[in-house]
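The values are calculated or read from the model by the stated rules, or taken from the named source; none is laboratory data. Note that the structure is a prediction, hence the values are computed from the model and not measured. Heads up, the Cβs are rebuilt from the backbone with ideal geometry, glycines too, and the neighbour counts pull from every protein chain shown. With ligands, DNA and RNA removed, areas are computed over all heavy atoms of the protein, side chains included. Shrake-Rupley method; radii C 1.70, N 1.55, O 1.52, S 1.80 Å.
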There are 4 protein chains.
Amino acid sequence: MHMTTTSVAVAGASGYAGGELLRLLLGHPHVEIGALTGASNAGERLGTLQPHLVPLADRVLQETSLETLSGHDVVFLALPHGQSGAIAAELGDDVLVVDCGADFRLADPALWERFYGGTHAGTWPYGLPELPGAREALRGTRRVAVPGCYPTVSTLVLAPAVQQGLVAPDVVVVAASGTSGAGKAAKPHLLGSEVMGNVSAYGVGGTHRHTPEIIQNLSALTDQTVSVSFTPVLVPMSRGILATASAPLVDGVGADDVRAAYEKAYGDEPFVHLLPEGLWPQTQSVTGSNAVHLQVTVDEDARRMVAVGAVDNLSKGTAGAAVQCMNLALGLDEGTGLTTIGLAP
Amino acid sequence: MHMTTTSVAVAGASGYAGGELLRLLLGHPHVEIGALTGASNAGERLGTLQPHLVPLADRVLQETSLETLSGHDVVFLALPHGQSGAIAAELGDDVLVVDCGADFRLADPALWERFYGGTHAGTWPYGLPELPGAREALRGTRRVAVPGCYPTVSTLVLAPAVQQGLVAPDVVVVAASGTSGAGKAAKPHLLGSEVMGNVSAYGVGGTHRHTPEIIQNLSALTDQTVSVSFTPVLVPMSRGILATASAPLVDGVGADDVRAAYEKAYGDEPFVHLLPEGLWPQTQSVTGSNAVHLQVTVDEDARRMVAVGAVDNLSKGTAGAAVQCMNLALGLDEGTGLTTIGLAP
Amino acid sequence: MHMTTTSVAVAGASGYAGGELLRLLLGHPHVEIGALTGASNAGERLGTLQPHLVPLADRVLQETSLETLSGHDVVFLALPHGQSGAIAAELGDDVLVVDCGADFRLADPALWERFYGGTHAGTWPYGLPELPGAREALRGTRRVAVPGCYPTVSTLVLAPAVQQGLVAPDVVVVAASGTSGAGKAAKPHLLGSEVMGNVSAYGVGGTHRHTPEIIQNLSALTDQTVSVSFTPVLVPMSRGILATASAPLVDGVGADDVRAAYEKAYGDEPFVHLLPEGLWPQTQSVTGSNAVHLQVTVDEDARRMVAVGAVDNLSKGTAGAAVQCMNLALGLDEGTGLTTIGLAP
Amino acid sequence: MHMTTTSVAVAGASGYAGGELLRLLLGHPHVEIGALTGASNAGERLGTLQPHLVPLADRVLQETSLETLSGHDVVFLALPHGQSGAIAAELGDDVLVVDCGADFRLADPALWERFYGGTHAGTWPYGLPELPGAREALRGTRRVAVPGCYPTVSTLVLAPAVQQGLVAPDVVVVAASGTSGAGKAAKPHLLGSEVMGNVSAYGVGGTHRHTPEIIQNLSALTDQTVSVSFTPVLVPMSRGILATASAPLVDGVGADDVRAAYEKAYGDEPFVHLLPEGLWPQTQSVTGSNAVHLQVTVDEDARRMVAVGAVDNLSKGTAGAAVQCMNLALGLDEGTGLTTIGLAP
């Protein structure tokens, strides 16, 4: 057990992911919060930028630079994509670098270029410990690629069925998301007046950047490339994703087979909660928590499995996963500083 | 042209569908609003129950009975399912009866019994004029079954592709809906505290009552039974449905074929608006209007067509369709008293 | 009766006030919509910027200039403050100019400079016909200053009591407003993530620009300067203002006196609706309508009158008032193209 | 220091206050959660009723009775008013009883009868430790009356000014509240469809039950009865109260005097956070936390002090205060199990 205090820095502390990281780190018993950095708002007090983080109100944001970030045991990067590679290269190999951005998630450089543009930075251990083999790869690592919020829930909601071959490798995911996933940069279509009383789809037709990540995750569970039709939908709330996923049932597979696969896959997982039969996930139940709530059923008429998952995009979908992975990398108990208890209503 | 004044009664005037009917009828130039009836709130003033309908504030709700409803040219029924049949039987054949409930939508008595229970009341002309043949059947009719809100948008968003055989008859629809579709009866899970900041799926696995109606509509467009995986999702807003639909593309079909089919199908429809390429529907744009906004694309990786549609569940999804059908039945211009202009933001 | 068609131009057609103006003008029987202008988005299609205005989807925004705006009978200005004066000076005196901005609302140049900065443009007839003498001044005018949204409801909710001397000239107003009042320019604190699940006060301590306008309106009703403590509060909805106002009761004044004063003041007003006793205003009831809902009571323990008013900030609070004033100026029926019916729920 | 484990029971565990108590108690290091009781839902699993409380999902609600509640060190009562007295009388004097309801808050039986009806149950130490003398009275007590949510923030936002005589004893409070304060019982006006996009005032004119509690609190700080005009406003969010309070400044008092009084009063309070000048409270910053955020200014034109306070009605407004008082009563560190960090956005 690692009982000494770990010093952490957070690059991108003024954004939503950075704020959620700090909220969790403030409650982590083995962590000391060091440098906090920003871009255009360097020099401002955190009390102005993140007024909910009262204990850090007097902290002043520094510039994001090697100088400010070095000297910590752990550096969390919550930056726009494309910026993590250069910083990570300069930080020593003994520093644990946890990238909340997309730079090191994809294995295929061609997919990176197609969806993000620019040069692929590389591939780091993928921070979804609930996937087969992932937890082992994260123990002791010094580099972590935190998954995207949509891929986290889209992968977990489908993984047991895909891995067990209970469904055809041809899945459809429609995921309703709160607005915080789009970040804190002011854009007209994200104004309160535009999102309240309004639901809209975007990135339709497989164009959302999280699509190849979902395909990568699911395809790794089987010997086939999984076809994924993914549509994100923006809904009037700040936090949370509800993913509705379905796939054709393989002949002979029934409801009991499906449920058994999910129970087996997640029975020992501390943060994946398969609800009792008849209850369906709701995002409110996981607000602020690291839990993923799942339910699954079978539509015999359509001969499809339908599974629904809920996650807090900022917590388990980003910052919670980052802390969970830090714990694994440092040899701490995986759940330290995290909770399965949501804030509702 | 029918220029005399038509007297209308509304049964169920205290609910959301009834309120929306009255809002539209107050703006209809050829209508005189007669009896307004309720159940438990008979005797109350409409000003208390529907304070937004200022011109009717002093009207008092009557009991729903043959006595109060008879003597009108048109009777709108906005009642819980199972109650319309008996009332309609007593009203004369010369009275136009527009049922906003489910009683007369399904053709198959077995499906009615499976999804609603009790005895099937019968089948009336289906009030979705945009379907092939439907407009003709509605002209001059004295009985109309107004479609369900989900079936309206789920059918329209898929119809051209299904009818033209551009997709396999195996569709997936995930539809995000505001809360008013669940009605005004107080239930704990519909409390503001439960729905704000929260998204949840319900009726998962093909169990929602609107599923067989969607199957019926789409199957009538082709020579096969269309398989429909339908999942409704409750989102934090009062009005509106956004349906995200997809289906496997038939070999050789491309984006141009799909778009051409939608342009041809809806080019002359006054209330179906295929958005310019690149723009995606949002529910706010159709709030309070009778318009359906649609967009369609092709996901070449997943080889699926993806189409999205937005509708106001209370307007075009219920009350607007009812008025549109009344206009057709009475020989009025189909759009009288209706608008394609939404209330945004 | 003016039955020929009036040509109107709208400067600032891409914003919220401009959009609401167009929504109302599309339903006005005597108006033809001419030039639509914008600033940074000149050249864009209105279908992209205001997708709810389907009939105008193919219109292209022009530059805001004398050239584009001239040649119309009516020009509506929905521009940032400080820009209306120069444009109005160039348009002829025979053109009806309706300014939805603040430039011509205040009579006192010193107050203008203190609250807005820059040079005072002048004072035009004030577009709140429900104030004593205002309707007469608006008939036939060619210049109208549309009131601010907060002043509209704050003035109407207090005017009868102030004018009749039933309360001391020392009022407190706390007004909860939806976000559309802050406009469509993207600012971080107006993001959906920031406003949903959140309530905040701003402009506290009499610093909001609408404060001197409320003082001006109320003071004109009595022979004293009325002291106004005004606090605006931002709440999680797009449209609507609910103003809660109170003032010390003068000795001997009771509930009956107060109610009688409001009934007398507004009994004949088409758009001011004093609710039956026991019912309190809610913003939903006036959404999209030109109505103001009011209620008033007396707190005998605190010896204060408390009055509450609801208005749609974009409709009666801005664009509806603009159309109402246009009707008066042109000699049309005052309510043409306007409604007292709200969109609820 | 009390390091043994304390057993606690919660009566009313299915409601919002009960759920929030359990959320906090699950994170409290010295507490073991014992009996959980309900009324109509006794026998149901907590996983169904409070799905966000994953660690308690398999707990079954018991009947609320002496039998189920006895045998614990602490009993929290989260019951409808009027029920706590009989239960408390039967529990021994050595049991700490923390009443989250209204039964024991008011000192004056006549006020109890006027506002609540029925017989006054008595008066217990008042659970607002931040008031003068209150903390001392709570240490070691075995009975606590948790304050109402509105009185908590309304009192704290005004107390320093009233106590120091900086304002006249004549205050106005308008408090915007989320819907969870109204509880989980299904009532039509609390439906999501009714509260979203809607703001309404209620209990206007001093009729809300929290009015006498605010008067009692403020009057105890001075030698005069403080006149309080209190108006609650329902806004579209689940949690949080923003109170806007004002009062006439005493002659000669300026902004510096006011700020100094607040800094002095709350400088050492762990849960009251006076924001830096220029920042105004927002409810999002205190969501889920035990903090109260305050700001104060002076309106020189109106010669009024204006103060704004934000609180989470369920946390510091109810359950957080209950835990804070339990800590004091048991001799634990006052902040054990509580946080000043909010959940935002």
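Hey, rough spin-label estimate for C:Ser7 and B:Thr48, points 7 angstrom out along Cα→Cβ, what's it come to in nanometres?
5.4 nm
Given contacts defined as C-alpha pairs under 8 Å and at least six residues apart, what's the relative contact order of the stretch B:150-311, whole-number percent?
Here the relative contact order equals 31 percent.
List, by residue number, every residue in the stretch D:5-48 with a reduction of 30 Å² or greater in accessible area between the chain on its own and the complete protein assembly, 1.4 Å probe.
So the qualifying set is D:Tyr16, D:Arg23.
Quick check: the distance between the Cα centres of the stretch B:51-126 and the stretch B:273-326, to the nearest angstrom?
The two parts, judged by their Cα centres, are 27 Å apart.
Shortest first and in nm to one decimal, what separations exist between D:Glu263 and its copies in the other chains, measuring from label points 7 Å along the Cα-to-beta-carbon line?
Sorted ascending, the copy-to-copy spacings read 5.5, 6.4, 7.0 nm.
Hey, rough spin-label estimate for B:Glu263 and D:Lys264, points 7 angstrom out along Cα→Cβ, what's it come to in nanometres?
Distance between label points: 7.7 nm.
Give me the accessible area per residue for the stretch A:150-311, probe 1.4 Å, as a whole number in Å².
Result: 28 Å² of accessible area for each residue.
Taking a ≥ b ≥ c as the square roots of the Cα gyration tensor eigenvalues, with a/c under 1.5 meaning rounded and otherwise prolate when a/b beats b/c, else oblate, which class fits the stretch A:22-127?
Prolate, since a/c reaches 1.5 and a/b exceeds b/c.
What is the ratio of the Cα radius of gyration of chain A to 2.2 N^0.38 Å, with N the residue count, to two decimals?
0.96
Do any residues of the stretch B:230-263 lose at least 30 Å² of accessible area when the full set of protein chains is present rather than just their chain alone, and if so which, with a 1.4 Å probe?
By number: B:Pro236, B:Met237, B:Ser238, B:Arg239, B:Leu242, B:Thr244.
Kindly point out which whole DSSP H helices in chain D project their C-alpha atoms 20 angstrom or further along the helix axis while averaging a Kyte-Doolittle hydropathy of -1.0 or above.
D:149-163
Once R0 is set to 30 Å, what does the formula 1/(1 + (r/R0)^6) return for the Cβ-Cβ distance between C:Asp251 and C:Thr222, expressed as a FRET efficiency to the nearest 0.05?
0.95
Ignoring any ligand, DNA or RNA, what whole percent of the accessible area of the stretch D:33-84 comes from carbon and sulfur when the probe is 1.4 angstrom?
Whole-percent figure for carbon plus sulfur exposure: 48.
Counting only other residues whose beta carbon sits under 13 Å from that of B:Ser289, what net charge do I get with K and R as +1, D and E as -1?
Residues close to B:Ser289 contribute a combined charge of +2.
Over chain A, calculate the relative contact order: mean separation of alpha carbon pairs under 8 Å at least 6 apart, over the residue count, as a percent.
Once divided by the residue count of chain A, the mean separation gives 18 percent.
Could you identify which residue out of D:Trp124, D:Trp112, D:Trp280 has the top mean-square fluctuation in a GNM of chain D using Cα springs shorter than 10 Å?
Ranking D:Trp124, D:Trp112, D:Trp280 by mean-square fluctuation puts D:Trp280 first.
So, with a 1.4 angstrom probe, what is the percent of accessible area on the stretch A:179-285 that is carbon and sulfur?
50 percent
Could you run the Karplus curve 6.51 cos²θ - 1.76 cosθ + 1.60 with θ = phi - 60° over the stretch C:75-85 and give me ³J(HN,Hα) per residue in whole Hz, x for Gly and Pro?
10, 9, 10, 10, 10, x, 5, x, 9, 6, x
Along each of its three principal axes, how wide is the spread of alpha-carbon positions in the protein assembly as shown, in whole angstrom units, largest first?
85, 83, 64
Could you name every residue in the stretch C:281-310 that has 30 Å² or more less accessible surface in the full protein assembly than in its own chain alone (probe 1.4 Å, ligands and nucleic acids excluded)?
For the stretch C:281-310, once contacts with the other chains are taken into account, C:Gln282, C:Gln284, C:Ser285, C:Asp299, C:Asp301, C:Ala302, C:Arg304, C:Val306 lose 30 Å² or more.
Excluding residues fewer than 8 places away in the same chain, name every one of the lysines whose C-alpha is closer than 16 Å to that of B:Lys187.
Qualifying lysines at Cα under 16 Å: D:Lys184, D:Lys187.
Per residue of the protein assembly as shown, what 222 nm ellipticity follows from adding -39500 (n - 2.57) for every DSSP H run with n ≥ 4, rounded to the nearest 500?
-7000 deg cm²/dmol
Of A:Leu131, A:Gly181, A:Ala260, which is farthest along the charge dipole of the stretch A:127-285 in the positive direction, counting Lys and Arg as +1 and Asp and Glu as -1 at C-beta?
A:Gly181
At B:Asp93, label 7 Å along Cα→Cβ: distances to the other copies, nm, ascending?
7.2, 8.6, 9.1
Between chains C and A, what is the buried accessible area summed over both chains (1.4 Å probe, protein heavy atoms, nearest 100 Å²)?
The contact between A and C buries close to 1400 Å².
Output the antiparallel fraction of DSSP beta bridges having both residues in the stretch D:201-310, as a percent to the nearest 5.
85 percent
Running a GNM on chain A with Cα contacts under 10 Å, which residue among A:Glu20, A:Glu130, A:Glu67 ends up with the highest mean-square fluctuation?
Looking only at A:Glu20, A:Glu130, A:Glu67, the largest GNM fluctuation is found for A:Glu67.
Mind pulling the per residue volume of the convex hull built on the Cα atoms of the stretch B:150-311? Å³ is fine.
Value for the stretch B:150-311: 120 Å³ per residue.
Every other copy gets compared here: list the nm distances from the A:Gly278 label point (7 Å along Cα to Cβ) to its counterparts, shortest first, one decimal.
Ordered by increasing distance: 4.1, 5.2, 5.8 nm.
So what is the accessible area of the stretch A:49-149 per residue, in Å², with the probe set to 1.4 Å?
41 Å²
Amide H neighbours of C:Ala9 under 5 Å, counting only residues 5+ apart in sequence or on other chains, H built in-plane at 1.01 Å?
So C:Ala9 has HN proximity to C:Gly34, C:Val74, C:Val75, C:Phe76.
Tell me the net charge near A:Val298. Cut-off is 14 Å between Cβ atoms, A:Val298 excluded, with +1 for each Lys or Arg and -1 for each Asp or Glu.
Around A:Val298, the surrounding residues sum to -4.
Taking a cut-off of 25 Å between Cα atoms, list the lysines near C:Lys264, but don't count ones fewer than 8 places away on the same chain.
Partners within reach: C:Lys316.
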